[in-house]
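I have placed the structure first, in the form of structure tokens, so that the comments after it can refer back to it.
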Amino acid sequence: MEFISWTPVIFSRSGFPRDEEGRPFLPKNAFVESLTSAVIFYYIKKDREIENRVRKYLLSENLDIKEVAKQVKKIITDKYPVLDELDIPERVYLPSSQIKEKYVEIFDLKEWIDVRGFKTEVFSGVLQLEISSPHIEKLRAASHSYAEALARMEHSLLKDHPLASIFYEPLINQMKKWDIPLRIGMWTEVSFKGDLLFFWRIKEVREKLMKTLKTDIRPRYVLYLPDEKQTTGWAEIKTK
């Protein structure tokens, strides 16, 4: 099995964590978080009862911003425990030769401007990765549904910006052939990442979240590498 970073992967502004011997790695949680976002999106979209339960929760009076992500995840995984028995190494080591320091822009997809930027470590390459799950087919379906929706959303915000045609259109086409697509690591400055993406199309929920959470639930601010003309974190787990 392989982990393929189709665009550079960032873990944090301070770079990748390192073990006692100074070896850089991606922690298990980076993979689990990516797959969790996919599962949340997929089952809200797939199951009307789940959609209604999450909608009711998000429209409740005393919505606690600190609890939203945890509660939405609980609603879904209680009914669909597809993340159970997911076996991924605690640390996925990265060759130091494939880590570079790069300047990263925080790019506003709606206004087409570089809001600000920073330098950090990025990884590009292919790694051996052992992953197993009795629910691998469901995770594959969820990952395709989520990653493709996320890419289309970002593409739609760009409209006729050159990045839409030179990067996003080829990405969307290529992604359909990937085994298990991921959006992994640090790729946006939006606090919910793509976890609430499904509800952007539902006016009452969208307006309530904008008013209550004071944030755009779309992934409007993405991390962009100007040298590569790519947004970050698009990756694949190849199991075959």
Flag if residue 131 is crowded, with 17+ Cβ neighbours inside 10 Å, within 27 Å of residue 42 (Cα to Cα) and more than 18 Å from the chain's Cα centre (by Cα)
yes
Could you run through the range 134-144 and say how many residues are surrounded by fewer than 19 Cβ atoms within 10 Å (Cβ to Cβ) and in a helix (DSSP H, G or I)?
6
For the range 182-201, state whether one or more residues are over 25 Å from residue 51 (Cβ atoms), part of a helix (DSSP H, G or I) and within 16 Å of the chain's Cα centre (by Cα).
no
If we ask which residues in the range 168-192 are free of Cβ contacts under 8 Å to residues at least 60 places away in the same chain and in contact with a Pro (Cβ under 9 Å, 6 or more places away or on another chain), their number turns out to be 3
Would you say residue 85 is surrounded by fewer than 19 Cβ atoms within 10 Å (Cβ to Cβ), on the phi < 0 side of the Ramachandran plot and either at pLDDT 95 or above or of a type outside the set (S, T, N, Q) (or both)?
no
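Which of the following residues is free of Cβ contacts under 8 Å to residues at least 40 places away in the same chain and either in contact with a Ser or Thr (Cβ under 6 Å, 6 or more places away or on another chain) or open to solvent by less than 60 Å² (accessible area, probe 1.4 Å) (or both): 76, 106?
Only one candidate qualifies: 76.
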Which count do you get for residues in the range 1-53 that are farther than 30 Å from residue 79 by Cβ, hydrophobic (A, V, I, L, M, F, W, C) and either at pLDDT below 95 or in a loop (DSSP other than H, G, I, E, B) (or both)?
4
Looking at residue 167 and the list (1) in a helix (DSSP H, G or I); (2) under 28 Å from residue 89 (Cα atoms), which single condition is not satisfied?
(2)
Can you list residue pairs whose Cβ atoms sit under 6 Å apart, with the first residue in the range 14-30 being free of Cβ contacts under 8 Å to residues at least 24 places away in the same chain and the second being part of a strand (DSSP E or B) and open to solvent by less than 10 Å² (accessible area, probe 1.4 Å)? Count only pairs 6 or more apart in sequence or on different chains.
18/24
Residue match in the range 224-237 (condition: of a type in the set (Gly, Ala, Ser), outside any loop (DSSP other than H, G, I, E, B), closer than 19 Å to residue 10 by Cβ and touching a Lys or Arg at 6+ places or on another chain (Cβ under 8 Å)):
yes
Would you confirm whether any residue within the range 1-11 is surrounded by 13 or more Cβ atoms within 10 Å (Cβ to Cβ), under 16 Å from the mean Cα position of the chain (by Cα) and of a type in the set (S, T, N, Q)?
yes
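The values are calculated or read from the model by the stated rules, or taken from the named source; none is laboratory data. All of these numbers come straight from a predicted model, not from anything done at the bench. Here the Cβ is made from the backbone with ideal geometry for all residues, glycine too, and neighbour counts use every protein chain on show. Surface accessibility is based on the protein's heavy atoms, side chains included, excluding ligands, DNA and RNA. Shrake-Rupley method; radii C 1.70, N 1.55, O 1.52, S 1.80 Å.
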